[in-house]
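J.: Dropping the structure in here first, questions after.
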Amino acid sequence: MLFNKKEYDLLKLLIQNTDRVLTREEILTAVWGYDMAGGTRTVDMHIKTLRKKLGNAAGYIETVRGVGYKCTQNNH
């Protein structure tokens, strides 16, 4: 499975913050280097692609509705 740079950076950020909910804004700032308050689905689209590439391990990335995402130690 090959990840592009943004997918790798996103996965790395999630893993480094295991069990901590990261807002979309925090992710945008850390991975893309800018803050775009609301209106963007960039993070959501990249999470979707990342989950597809992770296959069975996709369950480690949880969506926290209305907030953002987190990496968990339990594969749901």
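No lab work stands behind these numbers, since they all come straight from the coordinates. This structure is a prediction, so every number in the text was calculated from the model and none was measured. Counting neighbours? That spans all protein chains shown, and the Cβs are built from the backbone with ideal geometry, glycine included.
J.: Whole number please: convex hull volume per residue, Cα atoms of the chain, in Å³.
T.: Taking the convex hull of the Cα positions in the chain, it is 79 Å³ per residue.
J.: When only C-alpha pairs under 8 Å and at least 6 residues apart count, what is the relative contact order of the chain, in percent?
T.: Values: 91 pairs, mean separation 29.2, N = 76.
Over the chain, the number comes to 38 percent.
J.: 222 nm [θ] for the chain, helices only, -39500 (n - 2.57) per DSSP H run of 4+, per residue, to 500?
T.: The helix-only estimate for the chain comes to -11000 deg cm²/dmol at 222 nm.
J.: Quick one: if you stick a label point 7 Å off each Cα along the C-beta vector at residue 3 and residue 44, how many nm between them?
T.: 2.2
J.: In the chain, which chymotrypsin sites (Phe, Trp or Tyr not before Pro) are in a loop and have at most 13 other Cβ atoms within 10 Å, using DSSP for the loop call?
T.: Values: sites: 3, 8, 32, 34, 60, 69; in loops: 3, 34.
Passing sites in the chain are 34.
J.: Which loop-located trypsin sites (Lys or Arg not before Pro) does the chain contain, where loop means any DSSP state but H, G, I, E or B and the Cβ has at most 14 other Cβ atoms within 10 Å?
T.: 20, 41, 65
J.: Further, regarding this structure: So what's the angle, to the nearest 10 degrees on a 0 to 90 scale, between helix 5-16 and the longest Cα principal axis of the chain?
T.: Taking the Cα atoms of the chain, the angle to 5-16 is about 80 degrees.
J.: Could you calculate the contour length gain from residue 58 to residue 20, that is, 0.36 nm times the residue separation minus the distance between their Cα atoms, to one decimal place in nm?
T.: The residue 58-residue 20 span can extend by a further 12.0 nm.
J.: Compute the helix-to-body angle for 42-54: its Cα long axis versus the longest principal axis of the chain, expressed 0 to 90° and rounded to tens.
T.: The answer is roughly 10 degrees.
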